[in-house]
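The values are calculated or read from the model by the stated rules, or taken from the named source; none is laboratory data. Since this is a predicted model, take the numbers as computed values, not measurements. Reconstructed Cβ throughout: ideal geometry from the backbone, glycine too, with neighbour counts over all protein chains shown. Keep in mind that these areas ignore ligands, DNA and RNA; they rest on the heavy atoms of the full protein, side chains included. Shrake-Rupley method; radii C 1.70, N 1.55, O 1.52, S 1.80 Å.
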Amino acid sequence: MNKRLISIIMSALLVGVISAETPLHYEGELLGTVGKSDSGLAPYYIMSNNGGVVTQSKTMNFRAKAWKDLDLSRRFSYSFGADFITGASSEVDYLHYDVQSGEMQPIGRKPAAIWLQQLYAEVKYRGVFLMAGMKERTSPLLNSSLGAGDFIQSNNARPVPEVRVGFVDFQDIPFTNGWVQIQGEISYGKYVQDDWLEDHYSYYGHFINTGVWTHYKRCYFRTKPSQPFSVTVGMQMYAQFGGNARTYNRGELIKEDPYDVKFKDLVDIFLPTRGGKGDNKGDSQYYYGNSLGSWDFVARYRFHDDTQLKAYFQWPYEDGSGIGKLNGFDGIWGLEYQNKDKKAIVANAVIEYIDFTNQSGPTHWAPADNLDSDMKGEATGGDSYYNNFRYNSFMNFGMSQGTPFIPSTIYNQNGYLKVFDNRIRGFHAGVSGSLLDNLDYRFLVSYRKSWGSYDAPRLEKAKDTSFMLEASYAFNQVKGLSLKGQFAMDRGNLLGDSYGVLVSLKYDGILNLFGK
């Protein structure tokens, strides 16, 4: 973010502290990881769905944050937050082409010694909000603590600076008497990961795209939630646009494709139109930008004792073939159990089947893209989830912005910025609960196998089994003080073998100088 935006947000934070309508929350955390892995990265479940905070096998971080939540009982309210992380971690080697020697050389890379994780300000009026800054977000429908991750919006990567507007929650549609509700959000943002991309790109071949903009939108409809049976259905969509795509061959720049963003582009990416208009010729034969999305569905039934059971799916799409569900059984299919007793031994459980192997078939062939060819047939496959011919993969600082079940590009130690293994299939399960009044647990396990991608299929399937056991203890003697421990392990030739331990000491507090 630029300095002006940061100063505006910091001013809002200061005003909020002075005149907070609701309490100011603050939190300090000391976190450490230790382990061993083939890649030098932390085990899958220690890395995943944690805001991209921990990636290395050995880490020592201190995290401090303060935030104020929206007061939903008021017509007008505001919120803000600041969150920074500092520490040290081990290095991971990534191959980089050395022009002088003419060879690929390993260079150690690690996260910055200090970075802003979150910084945002938000206002709401009635049921509508406006937010500017970086704010962590989880899945709008799926369980982010126990599930494998939302296909479009998970908390697996660091947040992207953006401006977002939408409904605070589901709102009643007029004249339906509450039987039909609507929720939707729209955002525009811009990546600040260019330095990370430059450091991790090999410069041997393929391309790198910097200065890329982002766009997100969703719209959901829900039937009356007070009824025992309720259904939510809708669509999410994420897009990348703009930026400068540069192609290298053995360290030499052979092609550069700058894509200047104008106001009209903000409109075009909201309602996708054919590319190549005006000065922007980068994707002239395709729709503007790089879009992907999902059809989302949740059916929830609440029993007489307030226990709930949910069935859900997310159907992914990269283009019209996926929107029309020509990609077979591809999707995230799940069941979730919610116990009314949040302190039960099994308070919450999730099981998911995940399949991304079809992708509308292996080949994409459009006659309009190949006018000189005698082949007039059409094939709408080769969707290649999270990949694009011009844009970097759907990642921020190497971590997938969607589900980490498709391995993130941070694993690509050869300096390749595209996803290798998106034709992947497997199972995931998670369960959480309480063993004692102040001792909670969480257990995650998954199995998957990959065929690589249609562009680069594996000669033999790669497999991975991962699990994680977590225990969290809240001290009765000091309110707000908690201790968390995790043990995680990966086995297989997809992510490599690894094991690791995470220990976290956290203190949560409330500062209410001017409150009631």
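Below is a table of values for the structure above.
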read-out	value
Binned Cα-Cα distance frequencies in the stretch 73-176 - 5 Å width, integer %	2, 9, 12, 14, 15, 14, 10, 7, 6, 4, 3, 2, 1, 0, 0
Simple spin-label estimate for ALA112 and VAL231 in nanometres, 7 Å along Cα-Cβ	4.7 nm
Per-selection Rg to Rh, the stretch 411-514 - Cα, Kirkwood hydrodynamic radius	1.16
Where the stretch 118-182 is the region considered: accessible area per residue in Å², 1.4 Å probe	40 Å²
Surface accessible to a 1.4 Å probe, per residue, for the residues of the stretch 27-80, Å²	39 Å²
Isotropically averaged projected area of the stretch 461-516, using the convex hull of Cα atoms (one quarter of hull area), nm²	6.3 nm²
Residue-averaged [θ]222 nm for the chain, counting only DSSP H segments that reach four residues, each worth -39500 (n - 2.57)	-2000 deg cm²/dmol
Other-chain or far-sequence residues with amide H under 5 Å of SER408's (modelled H)	SER400
Dipole magnitude of the chain, debye to nearest 20 (Cβ charges: Lys/Arg +1, Asp/Glu -1, about Cα centre)	1260 debye
Förster radius 30 Å - calculated FRET efficiency between ASN493 and PHE427 (Cβ-Cβ, nearest 0.05)	0.95
Sequence-distant residues sharing a close amide H with ASN249 (under 5 Å, placed H)	ILE254
Peptides ranked, highest mean first, by Cβ atoms within 10 Å: ranges 98-109, 460-471	460-471, 98-109
Label-to-label distance, nm, for residues given as PHE270 and LEU130 (7 Å Cα→Cβ offset)	1.4 nm
Computed Rg/Rh of the chain, alpha carbon atoms with Kirkwood Rh	0.95
The stretch 229-256 residues near the modelled ILE323 label - backbone nitrogen below 18 Å, point 7 Å along Cα→Cβ	234-241
Estimated FRET transfer efficiency when R0 is 41 angstrom, pair TYR447-PHE389 (beta carbons, to 0.05)	0.80
Nonlocal amide H pairs with PHE170, under 5 Å, H built at 1.01 Å	none
Calculated FRET efficiency for the pair VAL99/ILE351, C-beta based, R₀ 56 Å, to 0.05	0.65
Diffusion constant of the stretch 145-254 at 10 °C, which comes from Stokes-Einstein with the Kirkwood Cα-pair radius and 1.306 mPa s, µm²/s	93 µm²/s
Percent accessible area from carbon and sulfur atoms, the chain, protein chains only, probe 1.4 Å	60 percent
Cα pair count fraction exceeding 17 Å, expressed as % - the stretch 184-247	59 percent
Pairwise Cα inverse-distance average, inverted: Kirkwood Rh of the stretch 200-349 (Å)	18.8 Å
